[in-house]
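Below: the structure, in C-alpha coordinates.
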Amino acid sequence: MGWTNLILLVHVALGFALVTGLVGRWSLIRSAGKAEDPGTAFAVSQAAAPFERLVLLSGPAIIVAGLVT
(Lines give C-alpha, C1' and ligand atoms only; values in the text may rest on other atoms or scores of the structure.)
Protein backbone atom coordinates (compact mmCIF):
# COMPACT_ATOMS: atom_id res chain seq x y z
CA MET A 1 0.00 0.00 0.00
CA GLY A 2 1.57 3.25 -1.13
CA TRP A 3 1.28 6.70 0.38
CA THR A 4 -1.39 7.71 -2.11
CA ASN A 5 -3.64 4.84 -1.13
CA LEU A 6 -3.05 5.52 2.56
CA ILE A 7 -4.00 9.18 2.21
CA LEU A 8 -7.05 8.18 0.17
CA LEU A 9 -8.05 5.77 2.94
CA VAL A 10 -7.67 8.55 5.52
CA HIS A 11 -9.78 10.85 3.34
CA VAL A 12 -12.57 8.26 3.14
CA ALA A 13 -12.39 7.54 6.89
CA LEU A 14 -12.67 11.26 7.62
CA GLY A 15 -15.72 11.40 5.36
CA PHE A 16 -17.34 8.63 7.37
CA ALA A 17 -16.43 10.42 10.61
CA LEU A 18 -17.99 13.65 9.34
CA VAL A 19 -21.26 11.98 8.39
CA THR A 20 -21.36 10.02 11.65
CA GLY A 21 -20.81 13.21 13.63
CA LEU A 22 -23.51 15.10 11.74
CA VAL A 23 -26.12 12.35 12.08
CA GLY A 24 -25.30 11.64 15.73
CA ARG A 25 -25.38 15.31 16.70
CA TRP A 26 -28.59 15.90 14.77
CA SER A 27 -30.40 12.95 16.34
CA LEU A 28 -29.36 13.84 19.90
CA ILE A 29 -30.18 17.54 19.54
CA ARG A 30 -33.56 16.60 18.07
CA SER A 31 -34.21 14.27 21.02
CA ALA A 32 -33.22 17.04 23.43
CA GLY A 33 -35.69 19.36 21.75
CA LYS A 34 -38.51 16.86 22.23
CA ALA A 35 -37.72 16.22 25.90
CA GLU A 36 -40.24 17.65 28.32
CA ASP A 37 -37.96 17.75 31.36
CA PRO A 38 -35.27 20.47 31.22
CA GLY A 39 -32.78 18.24 33.05
CA THR A 40 -33.21 15.50 30.48
CA ALA A 41 -32.92 17.98 27.63
CA PHE A 42 -29.69 19.32 29.11
CA ALA A 43 -28.24 15.85 29.62
CA VAL A 44 -29.07 14.74 26.07
CA SER A 45 -27.68 17.94 24.59
CA GLN A 46 -24.47 17.41 26.56
CA ALA A 47 -24.28 13.87 25.16
CA ALA A 48 -24.08 15.43 21.68
CA ALA A 49 -20.76 17.12 22.54
CA PRO A 50 -18.50 14.27 21.29
CA PHE A 51 -20.33 14.24 17.97
CA GLU A 52 -19.92 18.02 17.71
CA ARG A 53 -16.19 17.62 18.37
CA LEU A 54 -16.02 14.92 15.68
CA VAL A 55 -17.61 17.29 13.15
CA LEU A 56 -15.30 20.16 14.10
CA LEU A 57 -12.18 18.02 13.77
CA SER A 58 -13.05 16.03 10.67
CA GLY A 59 -14.39 18.97 8.63
CA PRO A 60 -11.10 20.77 8.00
CA ALA A 61 -9.10 17.53 8.03
CA ILE A 62 -11.17 16.05 5.19
CA ILE A 63 -10.47 19.12 3.07
CA VAL A 64 -6.73 18.86 3.68
CA ALA A 65 -6.73 15.12 2.95
CA GLY A 66 -8.71 15.74 -0.23
CA LEU A 67 -6.27 18.37 -1.44
CA VAL A 68 -3.32 16.09 -0.73
CA THR A 69 -4.99 13.24 -2.61
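The values are calculated or read from the model by the stated rules, or taken from the named source; none is laboratory data. All of these numbers come straight from a predicted model, not from anything done at the bench. When we count neighbours, we look across all protein chains shown, and the Cβ atoms used for this are built from the backbone with ideal geometry, even at glycine. Just so you know, the surface numbers come from the protein's heavy atoms only, side chains and all, with ligands and any DNA or RNA stripped out. Shrake-Rupley method; radii C 1.70, N 1.55, O 1.52, S 1.80 Å.
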| request: Could you point to the label whose value was computed as log10 I(q)/I(0) by the Debye sum over Cα atoms at q = 0.14, 0.17, 0.19 Å⁻¹ for the structure here, given (1) -0.50, -0.63, -0.70; (2) -0.51, -0.69, -0.82; (3) -0.40, -0.59, -0.73? | output: (1)
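Which percent of the accessible heavy-atom area of the chain goes to carbon and sulfur, probe 1.4 angstrom?
Details: 3550 of 4870 Å².
Of all accessible area on the chain, carbon and sulfur atoms account for 73 percent.
Tell me, what is the per residue accessible area of the chain in Å², probe radius 1.4 Å? Let's see the in-between values first.
Values: 4870 Å² over 69 residues.
On a per-residue basis, the chain sits at 71 Å².
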| Taking the simple approach of a point 7 Å from Cα along Cα-to-Cβ for both LEU57 and SER31, what is their distance in nm? | 2.1
| request: Starting from the Cα of MET1, step 7 Å toward the Cβ, then list every residue of region 10-53 with an amide N under 12 Å from that point. | output: 10-13
| remark: Summing -39500 (n - 2.57) over every DSSP H run of at least 4 residues in the chain and dividing by its residue count gives a helix-only mean residue ellipticity at 222 nm, to the nearest 500 deg cm²/dmol, of -31000 deg cm²/dmol
| Distance in nm between label sites at VAL68 and THR40, each 7 Å beyond Cα in the beta-carbon direction? | 4.5
